[in-house]
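As structure tokens, the structure follows; a few thoughts come after it.
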Amino acid sequence: MSPHDLLARAVDIQPPGELERRLGEGTPLRVKLGVDPTAPDIHLGHAVVLGKLREFQDAGHTAVLVIGDWTARVGDPSGRSSTRPMLAAEDIDAHARTYQEQAFAILDPERTEVRRNGEWFADMGLETVFGLAGSATVNQLLRRRDFAGRMDADRPISVLELLYPLMQAYDSVMLDADVELGGTDQLFNLMLGREVQQAFGRRPQVAMTLPILPGTDGVRRMSKSTGNYVGVAEPPEEQFGKVMSIPDTQVQEFYDLLFPFEPSPSGHPNDRKRRLGRLVAERFHGPAAGAVAEAHFDRLFRDHLPPDDVPEVVIHPGPVHMPALLVDHLGVASRSEARRLLEQGGVSSDGEVVAATDIDAAALDGTVVRVGKRRFARIRIQL
């Protein structure tokens, strides 16, 4: 991995020229990436910065993955127009375990230093808190774009949120970070890390930001909260299908950010998306997963056939309340959502639209009920 490759795709590297100088020293750098376990899964948006961390790792530098089990209690205000709800400690701990497991689908676990910032925050004394609070000014924090926008709109900012950038910066102090990675929305936090390191007598880190991956809708950033994400732990068939929904105009951006060292194919956008879908499935599920996922997709959407492994649901003879069936056996969130799907033609039985909320079990026996694009169940009457 050349120094030129390590600098590639960065939006900001601050201060200019400093990373090249440190790489030229020939000493392994400590490269930090912090992730807050605010949800149980990571997605391809996280894979952009994790991929860059892996590049540093492959070049012989120390990859430091910080699981923010304490910063997650505050919630990163980056890109937020309101205060995040505080998560329970047990939820954060459960999320932290899955984050680490999924990050190792990209990072080499044998060469990754994993730390939780609860190591230093859980028992932090007031003297250290005062020192940390005194390393920045309120004016400085309020110049941050997220906070400034909320001030202008007269929306509240909690004192706890003001602490978040300082906490992230203190992680860099405790870890002696030489470089910190983040998305473009993290530049303020990364630069504040430099100042806090200096206040605590450390050499300030280099800040490197990377582009934020758009979601599958091609409009908003990839996020679980908006549903436009591709999870790294999702089944390969699900990953492939979601990639195929990406707008044609966004495909090159996905190649550039996720597979920078893979040749980007030319040709019809559909073919380029298929290649991208196979690469994603293979990256997280192994070499054979791409072809299997593509075959599954074609069976469903080109040949309009149910998948080979449709789960079987056994029902009793007599009337069947469809909303209950859809909630209990086909993953629909609620009966009101099930009724909406029935009304909108989103439910079918052997290809025929089902609109009735109540139907005789005999009419469903042996058929494959389909909800939306990817949920199926074969119905059998209990004998």
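Summing Cβ point charges (Lys, Arg +1; Asp, Glu -1) relative to the Cα centre of segment 1-144 gives a dipole of roughly 480 debye. Averaging Cα coordinates gives a centre for segment 253-297 and one for segment 1-27; these two points are 29 Å apart.
Rounding to the nearest 20 debye, state how big the charge dipole of segment 154-246 is about its Cα centre with +1 on each Lys and Arg Cβ and -1 on each Asp and Glu Cβ.
Numbers: 8 positive and 12 negative charges, 33 e Å.
About 160 debye.
State the extension gain, in nm to one decimal, for the chain segment bounded by residue 184 and residue 316, taking 0.36 nm per residue of separation less the distance between their alpha-carbons. Additional length available on full extension: 42.0 nm. Normalised Debye scattering of segment 197-328 at q = 0.13, 0.14, 0.15, 0.20 Å⁻¹ gives log10 I(q)/I(0) of -0.69, -0.76, -0.83, -1.18, counting only Cα atoms as equal scatterers and leaving out solvent. The residue 252 and residue 88 beta-carbon pair, evaluated with R₀ = 56 Å, returns a calculated FRET efficiency of approximately 0.85.
Once you reduce segment 218-236 and segment 87-151 to the center of their Cα atoms, the two points are 23 Å from each other. The mean accessible area for residues of the chain, using a 1.4 Å probe and ignoring ligands and nucleic acids, is 47 Å² per residue. Computed with a 1.4 Å probe on the full set of protein chains, the accessible area for residue 222 sits at about 10 Å².
For the chain, the longest principal axis of the C-alpha atoms and the axis of helix 159-175 are separated by about 70°.
Overall, the chain carries a charge dipole of about 680 debye about its Cα centre when +1 sits on the Cβ of Lys and Arg and -1 on the Cβ of Asp and Glu, all other atoms neutral.
The residue among 281, 310, 297 whose Cα reaches farthest toward the positive pole of the charge dipole of segment 238-383, with charges on the beta-carbon of Lys, Arg, Asp and Glu, is 281.
Within the listed set 195, 237, 18, the Gaussian network model of the chain (springs between alpha-carbon atoms below 10 Å) gives the highest mean-square fluctuation for 18. Comparing mean-square fluctuations of 369, 196, 114 from a GNM of the chain with C-alpha springs under 10 Å, the top value falls on 369.
Multiply the residue gap between residue 21 and residue 339 by 0.36 nm, knock off their C-alpha separation, and tell me the result in nm, one decimal place. Walk me through the numbers on the way to the answer.
On the way: separation 318, 0.36 × 318 = 114.48 nm, distance 6.24 nm.
Contour length minus the Cα-Cα distance gives 108.2 nm.
When the chain is treated as a Gaussian network with alpha carbon springs shorter than 10 Å, the biggest mean-square fluctuation among 177, 89, 39 belongs to 89. Residue 238 exposes around 60 Å² of accessible area when a 1.4 Å probe is run over every protein chain in place. Between residue 12 and residue 199, the simple label model (points 7 Å from Cα in the Cβ direction) yields a spacing of 1.9 nm.
Carbon and sulfur: what percent of the chain's accessible surface (1.4 Å probe)?
Numbers: 9190 of 17850 Å².
Accessible surface attributable to carbon and sulfur in the chain totals 51 percent.
Please give the length that would be gained between residue 5 and residue 350 if that part of the chain were fully extended, namely 0.36 nm times their separation in residues minus their C-alpha to C-alpha distance (nm, one decimal). Please report the intermediate quantities before stating the final value.
Numbers: separation 345, 0.36 × 345 = 124.20 nm, distance 5.19 nm.
The span from residue 5 to residue 350 would gain 119.0 nm if fully extended.
Which whole-number value in Å³ per residue fits the convex hull of the alpha carbons of the chain?
Numbers: hull volume 66.3 nm³, N = 383.
It comes to 173 Å³ per residue, whole-number rounded.
DSSP beta bridges confined to the chain are antiparallel in about 45 percent of cases.
Estimated from helices alone, the mean residue ellipticity of the chain at 222 nm is -12500 deg cm²/dmol (sum of -39500 (n - 2.57) over DSSP H runs with n ≥ 4, per residue).
Between the beta carbons of residue 137 and residue 41, assuming R0 = 45 Å, the FRET efficiency works out to 0.75 to the nearest 0.05.
The values are calculated or read from the model by the stated rules, or taken from the named source; none is laboratory data. Fair warning: this is a prediction, and the values are worked out from it, not measured in the lab. Using ideal geometry, Cβ is built from the backbone for each residue, glycine included, and neighbour counts are taken over all protein chains shown. Quick note on the areas: whole protein, heavy atoms, side chains included, nothing else; ligands and nucleic acids left out. Shrake-Rupley method; radii C 1.70, N 1.55, O 1.52, S 1.80 Å.
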